[in-house]
Amino acid sequence: MKYLFINSVAGYGSTGKIVLSACRGLEQQGHTCRIAYGRRCTDNSVPTMAIGNVWDYRLHALQHRVFGTGGFGSKTATIRFLRQVRDYDPDVIWLHNLHGYYIHVGLLFDYLRTCGKKIIWTLHDCWAFTGNCPYFTIAGCDKWKRCCGGCPQKGSYPKALLDATGKNYLRKKELFTGIPDLTLEVPSQWLADLVRESFLKDYPIRVVPNQVDSSVFKPTSGDFRKLWNLEDAFLVLGVANVWEPRKGLADFIQLATLLPAPCRIVLIGLSPAQMQGLPANILGLPRTGSARELAEIYTTADVYVCPSLEETFGMTVLEAASCGTTPIVYENTACQEVAAAHGGISVPPGAEHLAKAILEILERKQEEA
């Protein structure tokens with residue numbers, strides 16, 4: 001069978017790697033795959049097709065920043081792309097992230113409604129059933145259950161000058177519902193429960209947890225501790241591709257004031273600006289492009305902490321657990337599902353609860369030594 005994957009990126013970041021892994025698995029079974037992407041491709045081992053170019057992306061992004069209509073730009077690029085789709089004539093079209101300023105979802109779903117193809121849509125966040133935002137937990141907003149408008153997160157990603165969330169919500173509801181032979185896939189029961197409260201509730205929903213490459217993410221030796229003079233530290237690790245506010249950087253800053261020596265916090269993925277002014281017991285490092293190096297860091301840590309309230313799965317939690325490190329996450333999040341399946345710990349939100357769990361692990365390890 002011929003598969004076409006559509007995602008904002010190919011081979012890059014969590015969703016790009018998930019798509020690439022799915023393609024490779026299908027190719028090993030004898031299927032033919034292509035990845036259509038919008039912004040960035042870092043692996044050409046699977047045939048790819050770009051949707052538009054950098055100028056299409058910039059114009060779409062500018063349109064959204066002013067009018068708040070992300071997902072409804074890139075019209076010409078989408079028309080050209082759909083011609084390529086018809087030429088390729090896939091049996092299965094597998095959608096992933098459609099936000100990211102690269103495709104016109106109106107034109108795409110007009111095609112999907114009548115194309116006669118099997119369609120799978122893997123949701124990595126909540127954008128598909130809101131007027132704009134990919135997450136709403138921290139904002140405490142439930143307007144997506146009825147109709148968006150008066151968005152409390154207009155200044156957050158994807159930020160916009162004007163509030164078009166009410167209009168976007170109604171357009172997306174009309175476009176995304178009633179598509180023949182469409183199945184939704186989500187990585188967690190947490191997200192499945194949200195989808196069942198949205199206008200997408202009538203589609204079949206499959207919970208398919210994300211996977212990591214077990215040949216890479218496994219207990220891995222290395223000299224990370226020696227390199228950073230951490231041989232005697234009780235190492236508390238946090239990792240993010242981008243430390244945006246929802247990832248819990250503020251909680252780590254507060255946590256640093258609650259942990260005594262020999263605890264040291266190491267945060268991977270910080271920007272140069274974020275590294276400035278960190279507390280003395282936090283070592284801030286940039287993102288690493290090496291999965292093996294990351295596996296080494298996970299392995300050497302004594303505990304892994306993910307203080308995010310807005311994850312639809314928690315890939316870093318699974319990566320850390322696969323390397324043999326105990327994860328600590330917040331309750332009532334998708335990360336709790338991952339932690340529970342791999343011997344992790346869930347605590348109520350708040351740095352004080354994280355500190356208590358960390359100190360209990362430290363005390364236990366000291367008693368075992």
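Values in this text are rule-based calculations from the coordinates and carry no lab data. A quick note: this is a predicted structure, and the numbers were derived from the prediction, not measured. Backbone-built Cβ (ideal geometry, glycine too); neighbour counts: all protein chains shown.
Would you be so kind as to identify all helices of the chain, as entire DSSP H runs, whose Cα atoms reach 18 Å or more along the helix's own axis and whose mean Kyte-Doolittle hydropathy is at least -0.5? Present the calculation step by step, with values, prior to reporting the outcome.
On the way: long enough: 13-28 (23 Å, 0.11); 54-67 (19 Å, -0.29); 75-88 (20 Å, -0.71); 351-368 (26 Å, -0.59).
Length and hydropathy pass: 13-28, 54-67.
Just checking the listed ones, ASP302, ASP193, ASP125: in the Gaussian network model of the chain with Cα springs under 10 Å, the one fluctuating most is ASP193.
Taking THR326, THR69, THR220 in turn, the Gaussian network model of the chain (Cα-Cα springs below 10 Å) assigns the largest fluctuation to THR220. In the chain, taking the dipole from charged Cβ atoms about the Cα centre, the farthest positive-side position among TYR37, LEU123, GLY106 is held by GLY106.
Taking the number of Cβ atoms within 10 Å of each Cβ as an exposure proxy, the fewest-first ranking of SER188, SER346, SER21, SER45 is SER45, SER21, SER346, SER188. When the charge dipole of the chain is built from unit charges on Cβ atoms (+1 for Lys and Arg, -1 for Asp and Glu) and taken about the Cα centre, the candidate among ILE297, PRO204, LEU62 whose Cα reaches farthest toward its positive end is LEU62. In the chain, helical runs assigned H by DSSP with n ≥ 4 each contribute -39500 (n - 2.57); averaged across all residues and rounded to the nearest 500, the mean residue ellipticity at 222 nm is -10500 deg cm²/dmol.
In terms of Cα atoms, the Rg and Dmax of segment 1-55 work out to 10.6, 37 Å.
Straightening the chain between ALA341 and GLU293 buys 14.8 nm, computed as 0.36 nm per residue apart minus the Cα-Cα spacing.
Computed from the Cβ-Cβ distance with R0 of 45 Å, the FRET efficiency linking ILE361 to SER45 stands at 0.70. Rounded to the nearest 20, the size of the Cβ-charge dipole of the chain about its Cα centre is 1620 debye, with Lys and Arg at +1 and Asp and Glu at -1. Grouping the Cα pair distances of the chain into 10 Å bins from zero gives a pair-distance distribution of 5, 22, 31, 24, 13, 4, 0 percent in increasing distance order. Backbone amide hydrogens, once placed in the peptide plane, bring ILE345 within less than 5 Å of ILE328, VAL329, excluding anything fewer than 5 places away on its chain. Measuring spread by the Cα atoms of segment 228-348 yields a radius of gyration and Dmax of 13.2, 36 Å. Please identify the longest segment of the chain free of exposed GluC sites (Glu not before Pro), where exposed means a DSSP state other than H, G, I, E or B and no more than 16 other Cβ atoms within 10 Å. Free of exposed loop sites, the longest segment is 1-196. Plainly put, segment 2-119 has a radius of gyration that is 0.96 times its Kirkwood radius, both from alpha-carbon atoms, as the Rg/Rh ratio.
Cut-off is 10 Å between beta-carbons; in what order do PHE67, PHE129 appear when sorted fewest neighbours first?
On the way: PHE67 16, PHE129 21.
Exposure proxy ranking, most exposed first: PHE67, PHE129.
When you filter the chymotrypsin sites (Phe, Trp or Tyr not before Pro) in segment 216-263 for DSSP loop state and at most 16 other Cβ atoms inside 10 Å of their Cβ, you are left with TRP228.
Under the simplified labelling scheme, the ALA261-TYR88 pair shows an inter-label distance of 5.8 nm, with each label point 7 Å from Cα along Cα→Cβ.
Report, in listed order, any pair from LYS2/LYS118; LYS17/LYS154; LYS17/LYS117; LYS17/LYS118; LYS143/LYS167; LYS145/LYS167 with a Cα-Cα distance greater than 21 Å.
Values: LYS2/LYS118 11 Å; LYS17/LYS154 29 Å; LYS17/LYS117 24 Å; LYS17/LYS118 23 Å; LYS143/LYS167 13 Å; LYS145/LYS167 15 Å.
Where the Cα-Cα span goes over 21 Å, the pairs concerned are LYS17/LYS154; LYS17/LYS117; LYS17/LYS118.
Residues considered: ALA334, ALA321, ALA77. Largest GNM mean-square fluctuation over the chain, using C-alpha springs under 10 Å, is found at ALA77.
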